[in-house]
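J.: Just dropping this structure here.
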Amino acid sequence: MDKPTEHTIETAGAAPRRSKRARMGACCKKFWWAWLIFVIIAIGIAAVILIFAIIPKIAQDKVNEADLTIHGLEIRQATPDSYKLSMDSSIHTGYGIGSKARIEPMTASLYIDSKKKPFLKVPVGEVHGKGDVPVVQEDYPVTIDDMDAMDQFVKGLMDNSTINFKLSGRSKLWLGKINTMINYNEDIELKGLNKLEGMVIKAYDILSKQADGSNMGGKVLIPNPTVFTIEMGNVGLKIGVSGKHAGIGYLPNLVLTPGNNLYDFRANISDLNVMIGALTAGTPLTIGSNGTMVNGEKIEWLSKPLESMDVLVPIDVSH
């Protein structure tokens, strides 16, 4: 009986395992179209985030760093519902990326109370560059759209040592060829007229009765610590001595300018003897106002704060 044939059985070795890089390469070759779509989508998402989130935030941050300085404001040619405005100011824009930005022209609105309508809207030209960028407006015609807001502003300017208001505007900012909308908001504090504190009569003369009815004239010092120049017109005066009415007067063609300045006054005094006695003794006069006239028209928005004031005005007895 033959012996069974012996067969040698060889076990095949396992195929070597490919590296992760090789497997990734094969996957990319096989599914290249899917990877291409993924990359395009990723780039699109990054671009959207850059354009709609990062750039607007950077732009708004740079605008928030800007600082407006008002060097001078002029209110001239007042009518009952309008005036001419001139403004000398500058915006400090900083350096870095902000220095390369350009802000398109916008309309700036100024508010005492942001919950109410603005007392002024004024165009601001294009702003670009670095450092202090001039923002200037000459004889811009302003129509008073909200008289309550204007009254609030003028009264605040006349009555207080400082006046605070808000400036806001919306415009487009360019960084090279990229642009985004920005909001310009700034809180501004300026010095006020503080009820004309420091007003003093520096010179006076007793006159023979003049064509305008005046029998007294002189010079009065009116301090103006503000950046405002205001054409006030013919400002009417109510004059009192020791609590009693003594006469009326006016400041002709008053243009209130910054600094300590002398202005002419004329008065019609009802009892010159009483007035001369007060002037000689250095007794302060009480000065009020019955408003102001420009070109024969009463300007209510300038008159109201004047009519609410009674100022104790000392006499410079060095006369």
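The values are calculated or read from the model by the stated rules, or taken from the named source; none is laboratory data. Quick caveat, the model's predicted, so the values are computed rather than measured. Cβ placement follows ideal geometry from the backbone for every residue including glycine, while neighbour counts extend to all protein chains displayed.
J.: Going by the structure shown, is residue 237 part of a helix (DSSP H, G or I) and surrounded by 13 or more Cβ atoms within 10 Å (Cβ to Cβ)?
T.: Considered against the rule, which asks whether it is part of a helix (DSSP H, G or I) and surrounded by 13 or more Cβ atoms within 10 Å (Cβ to Cβ), residue 237 comes out as no.
J.: Can I ask one more? For residue 231, are the conditions met, namely being of a type in the set (D, E, K, R) and surrounded by 14 or more Cβ atoms within 10 Å (Cβ to Cβ)?
T.: The answer is yes for residue 231.
J.: Looking at residue 166 and the list (1) assigned by TED's automatic domain parsing to the domain that holds residue 282; (2) free of Cβ contacts under 8 Å to residues at least 60 places away in the same chain; (3) assigned to a strand (DSSP E or B), which single condition is not satisfied?
T.: (1)
J.: When you go through 74, 104, 65 one by one, which is the residue that is within 30 Å of residue 255 (Cα to Cα) and either acidic (Asp, Glu) or at pLDDT below 75 (or both)?
T.: 74
J.: Looking only at segment 187-228, filter to residues that are among the small types (Gly, Ala, Ser), under 24 Å from residue 307 (Cβ atoms) and at pLDDT below 95; which one of those is surrounded by the fewest Cβ atoms within 10 Å (Cβ to Cβ)? Please lay out each step first, then the result.
T.: Start the filter on segment 187-228 by keeping residues that are among the small types (Gly, Ala, Ser), which leaves 192, 198, 203, 208, 211, 213-214, 217-218.
Subset that is under 24 Å from residue 307 (Cβ atoms): 192, 198, 213-214, 217-218.
From what's left, at pLDDT below 95: 198, 213-214, 217-218.
Working: 198: 15, 213: 12, 214: 19, 217: 17, 218: 22.
Per the stated criteria, the residue is 213.
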